[in-house]
Amino acid sequence: MNFSALHQLVKQQTDASLLTLIDELPDYAPRLKDAMRHALLAGGKRMRPLLVQVVGNTLDVPKKDQMAISMAIECVHAYSLVHDDLPAMDDDDLRRGMPTCHIAFDEATAILAGDALQALAFTVLADAPLSTYAETKRSQLLSVLAKSAGYIGMCGGQAIDLASTGKTISLEELKQLHRLKTGALLKACVEMVAIVSEGLLPQTKIDLMAYAADIGLAFQVQDDILDVEGSSEKLGKPAGSDEALGKNTFPAKLGITGAKQELEMLHNNALQALARLPYNTDSLIAFSELLVKRDH
């Protein structure tokens, strides 16, 4: 199977599993349930589940472990987008070319949908069937997800972003912001799979985490570049929104040429980390290529 076909398969399987997850919820709050479905299934690229499954396939991790991790990660990611789009945060009307959750429903429902999706992520990770080995690691998985989503991860990064909007921050501060806001959840995809990989050598995990750190930051650099150079039609939201909001971005800090050089450096660092692994890393290389060369 080529990488594009694998991506489509992962997307289809993830979409189907998430739809089932929502449809199996009781119907006593139908508007909230519809808002959760809207947030989860509004055309996401499923990059995080793809990363989970590419790493999982490389390490020969059982498919049910991969799927549980993928679904939990995607619930957290969807919740974060719902809350990021709120008027008190980035105040966006469009996400992936569709009305954001608070526009499609209302602000209170969107807040509750985000809250419920975050809780659902931990429910999945706590209750989903896992392999015998992964079952012994369930508490570690929950800890990694909680940390990556919370103060020392995504929420902390978002707080720094809000506090620094309209202000000048250093390049290192910008990198730290995005290591938390964007990179933490991508790193969690890799770390959680590593945790359930039986017999994984310590050095191999170190190299995998180095790869994850570099692609996590590269993901954001490319996002920033696309906000300058991309089209609103492909992005599914207005291009140039970061500049309009006074956000700190890599093109604003380094110029568009400098941002592209930063992206290339991070990509090369990620590839060097992969070269140290004792596995066939073709799929991991293809994932990094997809990430840095995407146009939306």
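The values are calculated or read from the model by the stated rules, or taken from the named source; none is laboratory data. Note that the structure is a prediction, hence the values are computed from the model and not measured. Cβ: placed from backbone, ideal geometry, glycine included. Neighbour counts: every protein chain shown. Surface accessibility is based on the protein's heavy atoms, side chains included, excluding ligands, DNA and RNA. Shrake-Rupley method; radii C 1.70, N 1.55, O 1.52, S 1.80 Å.
Taking amide hydrogens as placed 1.01 Å from N in the peptide plane, the amide H of G150 sits under 5 Å from those of C155, each at least 5 positions away in sequence or on another chain. For L94, the residues whose modelled amide H falls within less than 5 Å of its own, excluding neighbours fewer than 5 places apart on the same chain, are T100. Based on Cα atoms of segment 122-237, Rg over Rh with Rh as the Kirkwood radius reads 1.05. Near A134, once Lys and Arg are set to +1 and Asp and Glu to -1 for all other residues with Cβ below 14 Å from its Cβ, the sum equals -2.
Averaged per residue, the chain has 44 square angstrom of accessible surface, using a 1.4 angstrom probe with ligands and nucleic acids left out. Length gained on full extension, R276 to A88: 63.3 nm, using 0.36 nm per residue less the C-alpha separation.
A simple count of charges around K293, restricted to other residues whose Cβ falls under 12 Å of its Cβ and scoring Lys, Arg +1 and Asp, Glu -1, yields -1.
With a cap of 16 neighbouring Cβ atoms within 10 Å, and only residues DSSP puts in a loop, list the trypsin sites (Lys or Arg not before Pro) found in segment 115-175. Could you put the intermediate results ahead of the total?
Details: sites: K137, R138, K147, K167, K175; in loops: K137, K167.
Within segment 115-175, the qualifying trypsin sites (Lys or Arg not before Pro) (loop, at most 16 other Cβ atoms within 10 Å) are K167.
Apolar share of the accessible surface for the chain: 56 percent from carbon plus sulfur atoms, 1.4 Å probe. Here the gap between L201 and K45, fully extended at 0.36 nm per residue and compared with their Cα-Cα distance, gives a gain of 53.0 nm.
Among residues other than Y279 with Cβ under 11 Å from its Cβ, the summed charge is -2 (Lys and Arg +1, Asp and Glu -1). Working note: Karplus 6.51/-1.76/1.60 with θ = phi - 60° gives segment 212-229 the couplings 4, 5, 6, 6, x, 6, 4, 4, 6, 4, 5, 4, 5, 5, 5, 5, 8, 9 Hz, where Gly and Pro are set to x. Quick one: go through segment 258-296 and flag any residue whose amide nitrogen is under 12 Å from the point 7 Å out along the Cα-to-Cβ line of I103. Counting backbone N atoms under 12 Å from the label point, the list is empty. Here is the list for segment 1-95: chymotrypsin sites (Phe, Trp or Tyr not before Pro) lying in DSSP coil, each with at most 13 other C-beta atoms within 10 angstrom of its C-beta, are Y28.
Here the simple spin-label model places points 7 Å from the Cα toward Cβ, and for N2 and T20 these points are separated by 2.9 nm. What the pair-distance distribution of segment 3-288 shows, using all Cα-Cα distances binned every 5 Å from zero, is 1, 6, 12, 16, 19, 19, 14, 9, 4, 1, 0 percent.
Where does the longest stretch of the chain lie that holds no GluC sites (Glu not before Pro) found in a DSSP loop with 16 or fewer other Cβ atoms within 10 Å? Provide the component values of the computation, followed by the final result.
On the way: sites that count: E24, E198.
Segment 25-197 is the longest.
Between A159 and S131, full extension at 0.36 nm per residue minus the direct alpha carbon distance yields a gain of 6.4 nm.
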